[in-house]
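Bear in mind these aren't lab numbers, they're just calculated from the coordinates by the rules spelled out. Please read all numbers here as calculations on a predicted model, not as lab measurements. Neighbour counts are summed over all protein chains in view; Cβ atoms, including those assigned to glycine, are modelled from backbone coordinates with ideal geometry.
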Ligand code: IPE
Ligand code: IPE
Ligand code: MG
């Protein structure tokens, strides 16, 4: 890890301020080895912890990881159950491990659908991290971009109905401020391991001008070197935001 850090010399202004990672390929990784899919999730969770700390060490300010989508409930109950157990274990460990890095864990998504003990842990984790000043780590759990937008629209509609906001006053900022990521910069780069080339309902509003990098590595095999390669590619992209 230290060697990687020394070898990586990208200056802070070339880094994405906000990086999004779709942590994909756990199931295929396990299947390739003749293991149950849950073994892939266990391996992927260890990589999550390592990569989050690496991102913090190189100066990423906001990291959003996609851990569980609103659509992932459709998986077999054994797989969903194994994921719930893993989330609990990793949140407990992260509470301890992320403290040294001053990482501010924040949850995005509708966490009310999770088992009560997991919800409690989520609330405790967010609470413990409240005053931290380091990298913001958004963990997207039961997150879906469309659900997030519906929630935002409802919040805005309620303000209109209450007479505190006029429809003509609604701007892009109003919408941004009503999302789970309120107050955070839009995502600059979305990275997806496993070779898939789609967003799968991740950060739909926030990704309007994000760069996208798909990588042919399964998440449990993902290393800081893979991340360095993606960040170097990002640094060479020409972002025009509709200008010339
Ligand atoms: C991502 O890996 C983890 C979650 C969605 C929870 P997958 O489980 O989607 O792995 P593949 O895509 O089937 O290989
Ligand atoms: C997206 O991956 C969700 C997470 C990584 C948590 P999926 O594996 O669920 O997405 P699809 O089914 O390939 O689009
Ligand atoms: Mg997948």
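At a glance:
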| item | result |
| --- | --- |
| Net length gained if the chain between residue 174 and residue 237 were fully extended (0.36 nm per residue, minus Cα distance) | 19.7 nm |
| Three-way shape call for segment 15-132 based on the alpha-carbon gyration tensor, with the a/c threshold at 1.5 | oblate |
| Segment 167-207-segment 106-140 distance, computed between alpha-carbon centres (Å) | 19 Å |
| log10 of Debye I(q)/I(0), alpha-carbon scatterers only, for segment 101-244 at 0.10, 0.11, 0.12, 0.19 Å⁻¹ | -0.46, -0.56, -0.66, -1.36 |
| Rounded, prolate or oblate (a/c below 1.5 giving rounded, otherwise prolate when a/b exceeds b/c) for segment 179-244 by Cα gyration tensor | oblate |
| Theoretical gain in end-to-end length, residue 10 to residue 221 [0.36 nm per residue, Cα-Cα removed] | 73.7 nm |
| Cα-based convex hull, segment 105-183, per residue volume (Å³, whole number) | 117 Å³ |
| Potential extension, residue 200-residue 159 segment - 0.36 nm per residue separation minus Cα distance | 11.7 nm |
| Which of 238, 56 has the fewest Cβ neighbours within 10 Å, and the rest in rising order | 238, 56 |
| FRET efficiency for residue 127 and residue 79, using Cβ-Cβ distance with R0 set to 25 Å, rounded to 0.05 | 0.25 |
| Cα-based Rg / Dmax (Å) for the chain | 18.3, 59 |
| Distance between modelled label sites at residue 86 and residue 113, nm, 7 Å Cα→Cβ extension | 1.8 nm |
| Highest-fluctuation residue, 158, 169, 71 considered, GNM on the chain with Cα pairs under 10 Å | 169 |
| The chain: calculated mean residue ellipticity at 222 nm from DSSP helix runs of at least 4, using -39500 (n - 2.57) | -14000 deg cm²/dmol |
